[in-house]
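The values are calculated or read from the model by the stated rules, or taken from the named source; none is laboratory data. The shown structure was predicted, so the numbers you read here are calculated from the model rather than taken from an experiment. In this analysis, Cβ positions are derived from the backbone assuming ideal geometry, glycine residues included, and neighbour counts consider all displayed protein chains.
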Amino acid sequence: MKKNANVPPSDGATSDATVDRYPLVAIRKHCLDCSSGSIKEVKHCPCDGVHSTRCFLWPFRFGKRPKTAAKKYGAEFLDPAAMHEDEKEGKE
Ligand code: SF4
């Protein structure tokens, strides 16, 4: 099977070479830096253009394409209108 040049290796390696080659890995790394390394802060980042200013990296902050991230983390984390609805209801 031919390897997809746009998909980073699945071994979780985030060497400088990996970050340079794969923009989504670089965005994830940047978002973790922006949120002091907190995965939870990145997940709940309010910079979606509705709850705060818009960050153009927001849809890509999981280091995956938005459709893939929606399947893995839940569509509400990729939809600014649905973001933070769970917090109003007292859920995590
Ligand atoms: S989406 Fe923007 S504001 Fe949010 S964590 Fe990433 S870089 Fe920071």
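Annotations
- Selection from region 44-78 of residues that are over 20 Å from Y22 (Cα atoms) and part of a helix (DSSP H, G or I): K71, Y73, A75, E76, F77, L78
- Subset of region 50-65 that is over 12 Å from P80 (Cα atoms) and away from the ligand (no atom under 12 Å from the Cβ) - its residue that is surrounded by the most Cβ atoms within 10 Å (Cβ to Cβ): K64
- Residue check for C31: within 8 Å of the ligand (Cβ to nearest atom), surrounded by 16 or more Cβ atoms within 10 Å (Cβ to Cβ), at negative phi and assigned to a helix (DSSP H, G or I): yes
- Options S38, S15: the member that is within 10 Å of the ligand (Cβ to nearest atom) and either polar (S, T, N, Q) or at pLDDT 95 or above (or both): S38
- Among residues of region 66-92 being modelled with pLDDT under 90 and of a type in the set (D, E, K, R), the one that is surrounded by the most Cβ atoms within 10 Å (Cβ to Cβ) is D86.
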